[in-house]
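A short write-up of the structure that comes next.
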Amino acid sequence: MKIIDLRSDTVTQPTKAMRKVIANAVVGDDVLGDDITVNNLQDRIARMFEMEAGLFMASGTMSNQIAIAIQTQPGTEIICDKNAHIYVYESAAPSIISGVQIKPLDCGDEIFNLEMLEKNISKWDDIHHAPTTLIAVENTNNKAGGIILSLEKLKGIKKIADKNNIPLHLDGARIWNAHISTGVSFKEYGKYFDTISVCFSKGLGAPVGSMLLGTKRHIEKALRKRKQLGGGMRQIGLLAAAVDYALNNNLEKMKDDHRHARYFAEEVNKISGFEINLKNVQSNIVIIKVGKDNAEKITNKLEKFGLKSLSLSDSIIRVVFHLHINDDDTEDAIKIFKKIKNI
Ligand SMILES: Cc1ncc(COP(=O)(O)O)c(C=O)c1O
């Protein structure tokens, strides 16, 4: 049976062409600074975002957590949205690695209400509260369904951060999708943040890796932290070569993922029992409301017909479009949703 795997954009496999590039990569010991392929990639991505420097990381979680560790102090607090990956899906790492607490903002349907953000900043001279030492933004926002933060919103957040002298971190695991969808350049996104984390193993289709971007000083500190966490790796040019290939060949293909997500959402939203907020389908992720206590039943039924999806709660399932999903697969996915409706 054909399997259509829409659980995540992380499920892609390196293609033959990518594997060939990996096999031929020039590598060296990166802990000794000898790996030219990763050094070149770090320079390439730092230039793309007009940031001073970049450092290859094992994962998006490591990259976010190191960004937090180098910009905060124990006993202080980070502000982020209630849907942020660093809050929901990183297993309380900020409390363990950096000794900080997270203050998640619940802004209803909005991501980052500026008034709420400003009200929630705690100052050093207030001894009752943990001072805010970092604001973390996620673009696109995964849990909220691949929603994109507008430039206007980012400018507002930056203004508040600057006014209060607080650094801004971007979890840009899917900043590639935000760029493809809006046309906003990476350099423009780079202007608003002190540190940016980007992921290569999601929509870009590389097998492993993320990168932290920041000033040279941030990256010096990040290098030490990465070593302490056991993330100093040796011949990682193998991984960097795959990323280079992905940037050259797969970035533009995200347009197709977005087109598939939108078409799928419009069609499935017409089927009774599945509710999709089409306004929120802004990139490659689609969130489907399926009625209370139905999510697991539905993901199980879909799987029987060869469609893999994820249940995010008892009433919400998520599908994600990626490199391995073409027009026919998208049509087939819609057909499977139509079929299971009647079972
Ligand atoms: C927005 C966001 N940030 C960070 C991560 C963490 O990436 P990793 O799985 O590489 O640790 C993910 C993973 O899905 C994500 O969606």
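So here's what we get for this one:
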read-out: Those GluC sites (Glu not before Pro) in the stretch 213-308 that DSSP places in a loop and that have at most 16 other beta carbons within 10 Å; value: GLU252
read-out: Relative contact order (%) - criterion: Cα under 8 Å, at least six apart; region: the stretch 40-149; value: 27 percent
read-out: Extension gain (nm, one decimal) between GLU331 and LYS253, 0.36 nm per residue minus Cα-Cα; value: 26.3 nm
read-out: Qualifying trypsin sites (Lys or Arg not before Pro) in the stretch 259-338, DSSP loop, other Cβ atoms within 10 Å at most 14; value: LYS270, LYS292
read-out: Distance between the stretch 44-60 and the stretch 102-174 - C-alpha centres, whole angstrom; value: 22 Å
read-out: Around PHE321: net Lys/Arg minus Asp/Glu count, Cβ-Cβ under 10 Å; value: -2
read-out: Relative contact order [Cα under 8 Å, 6+ residues apart], the stretch 253-341, whole percent; value: 34 percent
read-out: Which listed pairs, of LYS202/LYS253; LYS82/LYS216; LYS308/LYS335; LYS153/LYS191; LYS255/LYS279, have C-alpha distances above 21 Å, in listed order; value: LYS82/LYS216
read-out: Dipole magnitude (debye, nearest 20) for the chain, charges at Cβ of Lys, Arg, Asp, Glu; value: 440 debye
read-out: For the stretch 260-284 and the stretch 289-339, distance of Cα centres in Å; value: 12 Å
read-out: Relative contact order of the chain, pairs being alpha-carbon contacts under 8 Å that are 6 or more residues apart, as %; value: 24 percent
read-out: Residue list for the stretch 227-244, given a label point 7 angstrom along the Cα-to-Cβ vector of ARG44 and an amide N cut-off under 13 Å; value: 237-244
read-out: Proximal charge balance of ALA23 [Cβ under 15 Å; K/R count +1, D/E count -1]; value: +2
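Computed from the coordinates by the stated procedures, all read-outs in this text should not be read as laboratory data. Note that the structure is predicted; figures quoted are calculated from it, not measured. Here Cβ is always computed from backbone atoms with ideal geometry, including for glycine, and neighbour counts include all displayed protein chains.
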